[in-house]
1. Whole-Hz ³J(HN,Hα) for each residue in region 76-87, computed from phi via Karplus 6.51 cos²θ - 1.76 cosθ + 1.60 with θ = phi - 60°, x for glycine and proline: what do you get?
2. Quick one: ranking Y45, Y59, Y53 by accessible area, 1.4 Å probe, largest first, what do you get?
3. So what J values fall out for region 91-96 if you push phi through Karplus, 6.51 cos²θ - 1.76 cosθ + 1.60 with θ = phi - 60°, rounded to Hz, Gly and Pro as x?
4. Fully extended, how many nm does the chain gain between D31 and I119 (0.36 nm per residue separation, minus their Cα-Cα distance)?
5. For region 1-132, what % of the accessible area comes from carbon and sulfur atoms, probe 1.4 Å?
6. Amide H to amide H, which residues 5 or more places from V40 or on other chains are under 5 Å from it, using H placed in the peptide plane?
7. 5 Å is the cut-off here: which amide hydrogens, built 1.01 Å from N in the peptide plane, fall below it relative to V51, excluding neighbours closer than 5 in sequence?
8. At q = 0.15 Å⁻¹, what is the log10 ratio I(q)/I(0) for the chain, with the Debye formula run over Cα points and no solvent?
Amino acid sequence: MVPGALRDVLDAFALVDDPVDRANLLISFADRFTPVPAEVATPPYPKDHLVPYCESEAYVWLVLQHDGTASLHFAVENPSGISAKALASILASTLSGLTPEAIEQVSPDIVEQIFRQNISMGKGMGLMAMVQAVQALARRARRQ
């Protein structure tokens, strides 16, 4: 299942075939990246929030809201981590405000839809691990 706002982003990427235009779209999402607010976490970040395999040293948090929805927050320690920042921006902007149940349903397959084959296998594993970390946090929040 792909929630509406995320579907819109995936549809936008599907329309862009030119590699330069696609890179510019990714950069525009990376430019919108907002680091985790201090009220959620401050450096040094706890290792249990570190995304495994991510070359950009990304961290993720899911915060439950009073209405049962969740907000997602990310830290990307590598200042050159454009792909990680772009994916973090996409996930935070499209999944925050949804329930943990809805967030948990998002598949790591979205990474291929966003980045196609324009990334190394290592980077792809790290980006898919970001989505899997979000799924795991949503699963954990659902059980609370």
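The values are calculated or read from the model by the stated rules, or taken from the named source; none is laboratory data. Everything quoted here is computed from the prediction, not taken from an experiment. Here Cβ is always computed from backbone atoms with ideal geometry, including for glycine, and neighbour counts include all displayed protein chains. Each accessible area value is taken on the protein alone, full model and side chains, heavy atoms only, with ligands, DNA and RNA left out. Shrake-Rupley method; radii C 1.70, N 1.55, O 1.52, S 1.80 Å.
1. Working through the residues one at a time gives 10, 6, 7, x, 8, x, 4, 5, 5, 5, 5, 5 Hz.
2. Y53, Y45, Y59
3. Ordered by residue, 3J(HN,Hα) equals 5, 5, 6, 9, 9, 4 Hz.
4. Computed gain between D31 and I119 is 29.8 nm.
5. Carbon-and-sulfur percentage of accessible area, whole number: 55.
6. Those lying under 5 Å, H to H, from V40: there are none.
7. Long-range HN contacts for V51: A58, Y59, V60.
8. Relative scattering, expressed as log10 I(q)/I(0), comes to -0.70.
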